[in-house]
Each structure stands twice: as structure tokens, then as C-alpha cells.
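The values are calculated or read from the model by the stated rules, or taken from the named source; none is laboratory data. In this text the structure is predicted, and so the values were computed from the model without any measurement. As a convention, Cβ positions derive from the backbone with ideal geometry for all residues, glycine included, and neighbour counts pool all protein chains shown.
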Amino acid sequence: MSEYLNADLLDKAVTEKKKLKYDKVIFLDIDGVMHNYSGDEIVQEERVKRLQRIVNATGAKLVLSSSWRFGYSQFLEENNLMEYADPNESESLKYFETILKKYDLEIMTFTPYSTLGENGRPLEIRRFLLDKPNVKSFVILDDDDFNWQWLKAFLVQTRRKTENGSDRLGLEEEDVTKAIEILNQFDET
């Protein structure tokens, strides 16, 4: 039931934000991008600093495409009161909001809710872009292997295989460079 409630709130938030103009967009996943699953940190500050560098170099707006958007939209809607939510989730969202503010970052809106599965996130991003014809460039920061197809050229995948075959996750320096190049590729000189 709460998933449907969150999806309704998310759609409402997206509809209200449609009036805003977006030139450049960063579609942001959290898990595997803003942290690497090691340690207790929900969001690693070093990765937030890297995200800030991308935003500062491009002027891009942050659009949350992560599954976190369901809880985050409710978190914002209820003025940071999440009575129904798991206390751990509520604390994670508060920390996320606090660390974004520390680096002058703000989630402008969320991708709409469409479907789950390998096509879910790509379709949600496509739907967002169809509603925002003024977006000139965008980048997707994500660790997951969705069916990206035509979005692949705009993807900075933060999951890599190491020499020993294990996964290395999280927003790294080379990802910052690639994201800035993608976002600024259509800028007039």
C-alpha cells in the first residue's frame, strides 16, 4: 500500500515541477553511485563532493531517478515527517538531505514512476525527457545494468569489474570527467 501512496506523491511532485526549465539534467541513482556498499555510510561525502563538481562545472539540475525517490518524495511532502516509514529509512533520508544542503545541492524533481524490471528506469527517464523538450543535455549516473539501449551514450555506469572479478562501485574521478564531457558536449564555444 505504501508503494502506491509513494508513487502517487511522486507523480504529483513531478507534475508540479513540470513548469521549471531544465537545460541540463543529471539523473541520479543513490545506491552504488553515492556510496559503494562498504562501511556504514548511507551516502559517502567524497562522492557528494564529486557530484558537486559536476553540477558546478555544468550548471546541471539534479533529478532523482533512484528507488530512493519514493521515500524522498514523501519525506519532502510531509515536511520531513515520515510517521509510517521505517526509522532507518527516515534517518537515511534526513542525512541525504543534510549532506546535499552542505554542498549547495538540491534535488529539483524526480523521474515519474512507470514500471519495474530491466526497462523500468530507462522508460522513466525517457518519459521525463519527453515532458521536458528544452533539455539540451543529460547524463545518467547509475550502477545498474538496465536495458539502456539508446541512452547508453549518456550513461556513466559506476559499477566496474576489478582485476580479481569483484565489483567496484561509486562515483569516481573518471566518472566526474566523463559526466562533465557528456553534459557540456553541446555548449556553444
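Some notes on this structure:
- Among the residues making up region 119-144, those that are aliphatic (A, V, I, L, M), out of contact with any Pro (no Cβ under 9 Å at 6 or more places or on another chain) and buried (at least 19 other Cβ atoms within 10 Å of the Cβ) are 125, 139, 141.
- Residue tally, condition in a strand (DSSP E or B) and among the polar types (S, T, N, Q), over region 132-146: 1
- Residue that is farthest from residue 134 (Cα to Cα) [pool: residues in region 175-189 that are part of a loop (DSSP other than H, G, I, E, B) and in contact with a strand residue (DSSP E or B) (Cβ under 9 Å, 6 or more places away or on another chain)]: 185
- Given (1) modelled with pLDDT under 85; (2) surrounded by 15 or more Cβ atoms within 10 Å (Cβ to Cβ); (3) not aromatic (Phe, Trp, Tyr), index of the condition residue 147 fails: (2)
- Residue match in region 20-29 (condition: within 19 Å of residue 158 (Cα to Cα), out of contact with any Phe, Trp or Tyr (no Cβ under 7 Å at 6 or more places or on another chain) and either at pLDDT below 90 or not in a strand (DSSP E or B) (or both)): yes
- Criterion violated by residue 37 - all others in (1) surrounded by 13 or more Cβ atoms within 10 Å (Cβ to Cβ); (2) in contact with a Leu (Cβ under 9 Å, 6 or more places away or on another chain); (3) modelled with pLDDT under 80 satisfied: (1)
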